[in-house]
Amino acid sequence: MVHNDKKLDELTHEILSNLDRDEPSEQFTARVMDSVHSLDLQSDKNRFRTIYWFIPVLPVLFAIFWGILRIPGIKELILKNLDYINQSFGLIGLFVRNLIKPFTTMSVSPLMLIICLSVFLFFLSELYLTYRRQHH
Amino acid sequence: MHDDRYYIKQILNGDSSGFAVLVDRHKKAMYSFALKMVKVPEDAEEIAHDAFVKAYQSLGKFRQESKFSTWLFRIVFNECVSRLRKKKVESISFQDPKFQFHEAEEPVNFLKELEANEQKEMVLNALEVLPYDERSLISLFYMQDCSVKEIAEITGYSESNIKVKLFRARKRLWEKLRYSMSEKTSIYGT
């Protein structure tokens, strides 16, 4: 039986390896590349859409931060609770990620990251300036 | 001519032109394999097309632990299986007692008596009667020169399972060939 199977294996190999491979149509590569290019365009569009959606969101975010910082006594309150805020950064990061998630079908783009960092730095500089004003 | 990894790196760096080289290099094998599985040329071409597009989209996830062609075969195999399941098309089970293989019988070289074209047609017809999983194994092992290990990666079956399935598939294939040959001789009286 083992002998038979070995022989069958050899015969199958001999016959099947000699069969011509079927070929797809001549335009096959061109069709695949067309699809690939349209995918690239689609992903560019998504990237654009990410920025596009962020344009109206950005001033709103600024207004919210600005508004919060204008509340009398808020800066002092924040400064007193810096440790707690520091611990909450993880949660803030999570919140920001979830906030921007619906506006994008891809992961956070570098531009989005820069914008978020700018807002964050603005917020920090405001805090620092208040701190300096209080101690000098 | 560079190897597949060179073009993959190029594509991951943002230059998609190298993908055309990869498509040209592997399209015959992928189409041929898909055709053996789904049997309809239009469907096979669509499956091969979709598989290449999927591969392009997921290229970043390809860990390059296996050959690019093995990874592509796996995508084509999954596409074919899901399509065949959707269509609920299955080959007729080859259980007729008249096809039963006699273990004591020596395999004969009856196919060698036929002309090349006739031989090819008969083998392809016999392949078509096999269930799609056996057809896929025969195609990968004998026609695409994949090793048992590579077939395990492509299909998700264990290596020992593949060896058993290949043994059965081989037997069925030759039973069918033997039967076709006996039918032919009885019709033409040769």
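The values are calculated or read from the model by the stated rules, or taken from the named source; none is laboratory data. Please read these numbers as outputs of a predicted model, since none were measured by experiment. So basically every Cβ, Gly included, is an ideal-geometry build from the backbone, and we count neighbours across all protein chains shown. The accessibility values were calculated without ligands, DNA or RNA, using every heavy atom of the protein model including side chains. Shrake-Rupley method; radii C 1.70, N 1.55, O 1.52, S 1.80 Å.
Worth a mention:
- When A:Tyr131, B:Tyr132 are compared by accessible surface with a 1.4 Å probe, the order from highest to lowest is A:Tyr131, B:Tyr132.
- In order along the stretch A:24-41, phi translates into HN-Hα couplings of x, 5, 5, 7, 4, 4, 4, 5, 5, 5, 4, 5, 5, 5, 5, 5, 4, 4 Hz, rounded to whole numbers, per the Karplus curve 6.51 cos²θ - 1.76 cosθ + 1.60 with θ = phi - 60° and x for Gly and Pro.
- Per-peptide average of other Cβ atoms within 10 Å, ordering B:135-141, B:60-66 highest first: B:135-141, B:60-66
- Residue-wise HN-Hα coupling along the stretch B:49-54, computed from phi with Karplus coefficients 6.51, -1.76, 1.60 (Hz; x: Gly, Pro): 4, 4, 5, 5, 5, 4
- Near B:Val40, no amide H atom lies under 5 Å from its own; only residues 5 or more places off or on other chains count, and H is placed 1.01 Å from N.
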